[in-house]
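Notes for the one structure printed next.
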Amino acid sequence: MEKRSKRQSLATAAGEYAGSVTGAIFDSAPGDRSAAEELLEGVLIAAQKEYEEKKAPYLARLYANILFHPEVSRPAANHLLKLANQLTYRQLVILSNLGYMLQTGSSPLKQEPYRQVRGLENVAVASEIYEMYRMSLIGSSEVALDAAGINPSALSLIGYGARLFELMELCQLEKDDELVDVQKTVVGFLMGKNLDCSTGEDAGINAGRTKWRNLG
């Protein structure tokens, strides 16, 4: 019951955020729903179903900003929403920090491929980056055969990944207690500063032959 009420409040918050935008609509054929109505419905449904509640404000930003980008067609807008729904909260944080670091050059990215990634948190970050690489949201100037072959300095935001960074306003994340820890892990991975976070037989993956160890 509590989860249901939280999802309802999420939908309301997303609707209020997006509903505050006025003066921009999509053209629609007579008797047809406007693209704005269709997209808003998708945002509300996503907010109702979303277990990672922290994504709701970014879904609302996506909807509100698309209204002011007439070059974004209805199919493209729906695809952006679909991609945003598929991404985890941590993947949004990854896009945010990678985009910011590439734009500002504020922090040096690790200059070599990992070859081996150790520690549950590092493995999770590497896997989620690799998933976005396979989705063509993140590009790499070096071929990555698996999650352990990622070279942070070769990464870039491409295509719909760059579009999501812009339209979800990922340059500015909502502050909360969880964000601090997630951001610390993500930035540490991108800079290569999490190398000694695990020892011995902790979970890990090796480049070229992904291998999980002792997950139980």
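At a glance:
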{"read-out": "Checklist (1) at pLDDT below 90; (2) closer than 22 Å to P108 by Cβ applied to P152, failing item", "value": "(1)"}
{"read-out": "Matching residues, segment 125-149, being modelled with pLDDT of 95 or more, among the hydrophobic types (A, V, I, L, M, F, W, C) and surrounded by fewer than 21 Cβ atoms within 10 Å (Cβ to Cβ)", "value": "M135"}
{"read-out": "Some residue of segment 79-87 being in a helix (DSSP H, G or I) and farther than 24 Å from A60 by Cα", "value": "no"}
{"read-out": "Residues located in segment 58-92, provided they are open to solvent by 50 Å² or more (accessible area, probe 1.4 Å) and farther than 18 Å from L137 by Cα", "value": "F68, P70, E71, S73, R74"}
{"read-out": "Condition met for L95 (out of contact with any strand residue (DSSP E or B) (no Cβ under 6 Å at 6 or more places or on another chain), open to solvent by less than 20 Å² (accessible area, probe 1.4 Å), at pLDDT 55 or above and within 30 Å of V125 (Cα to Cα))", "value": "yes"}
{"read-out": "Matching residues, segment 147-181, being over 23 Å from A77 (Cβ atoms), part of a helix (DSSP H, G or I) and in contact with a Leu (Cβ under 8 Å, 6 or more places away or on another chain)", "value": "P152, S153, L179"}
{"read-out": "Failed item in (1) in contact with a Lys or Arg (Cβ under 7 Å, 6 or more places away or on another chain); (2) surrounded by fewer than 18 Cβ atoms within 10 Å (Cβ to Cβ); (3) not hydrophobic (A, V, I, L, M, F, W, C), with S106 passing the rest", "value": "(1)"}
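Here is a yes/no grid of residues against (1) β-branched (V, I, T); (2) more than 12 Å from the chain's Cα centre (by Cα); (3) not in a strand (DSSP E or B):
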| position | (1), (2), (3) |
| --- | --- |
| Q111 | no, yes, yes |
| Y114 | no, yes, yes |
| V123 | yes, yes, yes |
| E128 | no, no, yes |
| E131 | no, no, yes |
| G139 | no, yes, no |
| E142 | no, yes, yes |
| L145 | no, yes, yes |
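The values are calculated or read from the model by the stated rules, or taken from the named source; none is laboratory data. Remember, predicted model here, so these are calculated numbers, not experimental data. For neighbour counting, all protein chains shown are included, and Cβ atoms are generated from backbone atoms with ideal geometry for every residue, glycine included. Quick note on the areas: whole protein, heavy atoms, side chains included, nothing else; ligands and nucleic acids left out. Shrake-Rupley method; radii C 1.70, N 1.55, O 1.52, S 1.80 Å.
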